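Notes follow the structure.
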Amino acid sequence: MISIKHLSKTFKNPDGSVITVLKDVNCDIDKGEVISIIGPSGTGKSTLLRAINMLEPPTSGEIWVDGENIMAKGYPLHLLRRKMGMVFQNFNLFEHKTVIENIIYAPMELLGLSEDKAREEAMELLKKVGMAQKADVYPSSLSGGQKQRVAIARSLAMHPEVILFDEPTSALDPTMVGEVLSVIRALAKEGLTMLIVTHEMRFARDVSTRIFFMNEGIIYEDGTPDQIFCNQVHSATKAFVNRIQKLVFEIDTEDFDFLQMHTEINRFCIKYNLADKADKAYGIAREMLLVHLADIRPITFRITYTELTGVTALDFMVEGMNESPLPKTEAIQDIRSEVKDIIEEPTTRGFRIKILI
Ligand code: ADP
Ligand code: MG
């Protein structure tokens, strides 16, 4: 359905220097495929999506859609835009139109639907994304997750052959990510062709037929979720998907600032969608550091989050010790019953107590 050959895109900086954002992108996308595009930021993921629907005309190469070269002179771009919906990070709804007006506008203008027909279809789509009850409100009264669901309905209203999503959940409050991902998941099940730039690794693994790992302006590795997440060909792919996010504290004095630690743990948990674990993480860390491990100083405390597996761990590390400093008291049993696991293990430099929450 879409075939991309040797695509490149360069931008001119204001000082005249040139940056090459897409170097040599090649891929074929079949009808019904759900492709997640992952990779570090700044590697050209958004630029690739914008090139595919010609919002950002490529510098060289070819893009074929349904057997036609869309970069050829005279190709009717309005037809292309009809075939391809796009959903942006920031929703891009018309603020001065109600929800339903946002949805019926393009089908009436561009597909020539009567208002009655457009409204009827719009209501069906709003039902599908769980927003029918908000048809007549203005976007300003909606949450981010609701706005994004409306934006998805608006894109579906044009009966596109493919929808391009550019980080559809990145601008959302963590509590709203799930509702948007489940709408996209449902569309995937229906067989809609989709390209999704996302940082949600577990979602990408579950929903995609194929994953593109982009790095340095090329599709560095392209494969099934199983290949990209478990049996990578390239070490850069492996390193990217197994990224671990960390927050580290060194506790060496009595006047360690626990309030500051609390703030930083909250911020970390919100950033990685772990808001529901923030209180537990802080509560256990505080109890460990002030009660069970109060005599052990200096001690390094670390909270880690492995994006792919979703595992969150609290590590307490002491150097130069080869036995667990954790007392075998009843109190530890209380913690044990609250957490998924406690692992006590020697490391090359000392000892680590790892608490999985
Ligand atoms: P990603 O979506 O993977 O984070 P982008 O495609 O947004 O990456 O951007 C890739 C690179 O291209 C970045 O270094 C960005 O600064 C640059 N870039 C994107 N759009 C433009 C533009 N219009 N002018 C100049 N540079 C741009
Ligand atoms: Mg981007």
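Of the helices (runs of 4 or more DSSP H) lying entirely inside segment 235-339, the ones with 2 or more residues being farther than 26 Å from Phe203 by Cα are found at 258-271, 278-287, 330-338. Has segment 37-46 got any residue that is more than 9 Å from ligand 1 (Cβ to nearest atom) and within 23 Å of the chain's Cα centre (by Cα)? Checked against the condition, which is being more than 9 Å from ligand 1 (Cβ to nearest atom) and within 23 Å of the chain's Cα centre (by Cα), segment 37-46 yields at least one hit. Candidates in segment 176-205 are the residues that are open to solvent by less than 10 Å² (accessible area, probe 1.4 Å) and within 16 Å of ligand 1 (Cβ to nearest atom); of these, the one that is farthest from the chain's Cα centre (by Cα) is Leu195.
Listed here are the residues, each with its yes/no results for (1) away from ligand 2 (no atom under 15 Å from the Cβ); (2) open to solvent by 50 Å² or more (accessible area, probe 1.4 Å).
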site	(1), (2)
Ser8	yes, no
Phe11	no, yes
Thr20	yes, yes
Lys23	yes, yes
Asp28	yes, yes
Ser36	no, no
Gly39	no, no
Lys45	no, no
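Are any of the residues in segment 69-80 within 16 Å of ligand 1 (Cβ to nearest atom) and touching a strand residue (DSSP E or B) at 6+ places or on another chain (Cβ under 6 Å)? Among the residues of segment 69-80, not one is within 16 Å of ligand 1 (Cβ to nearest atom) and touching a strand residue (DSSP E or B) at 6+ places or on another chain (Cβ under 6 Å), which makes the answer no.
Against the conditions (1) within 18 Å of Val34 (Cβ to Cβ); (2) crowded, with 18+ Cβ neighbours inside 10 Å, Ile103 satisfies every one except (1).
Would you check if Glu323 is within 18 Å of Lys354 (Cα to Cα) and open to solvent by 40 Å² or more (accessible area, probe 1.4 Å)? Taking the combined requirement at face value, the residue satisfies it.
The residues on offer are Leu93, Leu55, Leu49, and the sole one that is more than 16 Å from ligand 2 (Cβ to nearest atom) and of a type in the set (A, V, I, L, M) is Leu93.
Within segment 244-259, work out how many residues are open to solvent by 80 Å² or more (accessible area, probe 1.4 Å) and within 31 Å of the chain's Cα centre (by Cα).
4
Taking segment 158-175 as the search range and keeping residues that are open to solvent by 30 Å² or more (accessible area, probe 1.4 Å) and away from ligand 1 (no atom under 16 Å from the Cβ), which one is farthest from the chain's Cα centre (by Cα)? Filtering segment 158-175 for residues that are open to solvent by 30 Å² or more (accessible area, probe 1.4 Å) and away from ligand 1 (no atom under 16 Å from the Cβ), the one farthest from the chain's Cα centre (by Cα) comes out as His159. Considering every residue within segment 213-226, establish whether at least one is open to solvent by 80 Å² or more (accessible area, probe 1.4 Å) and within 28 Å of the chain's Cα centre (by Cα). Among the residues of segment 213-226, at least one is open to solvent by 80 Å² or more (accessible area, probe 1.4 Å) and within 28 Å of the chain's Cα centre (by Cα), which makes the answer yes. Just to be sure before I move on: is Arg210 surrounded by fewer than 20 Cβ atoms within 10 Å (Cβ to Cβ), more than 16 Å from ligand 2 (Cβ to nearest atom) and closer than 18 Å to Cys27 by Cβ in the structure I sent? In short, yes.
Let's see how each residue does on (1) touching a helix residue (DSSP H, G or I) at 6+ places or on another chain (Cβ under 8 Å); (2) of a type in the set (Val, Ile, Thr):
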position	(1), (2)
Asp166	yes, no
Ala204	yes, no
His234	no, no
Val241	yes, yes
Glu250	no, no
Phe258	yes, no
Met261	yes, no
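Yes or no: segment 50-65 includes at least one residue that is aromatic (Phe, Trp, Tyr) and touching a residue at least 12 places away in the same chain (Cβ under 8 Å). Yes, the conditions are met somewhere in segment 50-65.
The values are calculated or read from the model by the stated rules, or taken from the named source; none is laboratory data. The shown structure was predicted, so the numbers you read here are calculated from the model rather than taken from an experiment. Reconstructed Cβ throughout: ideal geometry from the backbone, glycine too, with neighbour counts over all protein chains shown. Just the protein is used for accessible areas: all its heavy atoms, side chains included, with ligands, DNA and RNA removed. Shrake-Rupley method; radii C 1.70, N 1.55, O 1.52, S 1.80 Å.
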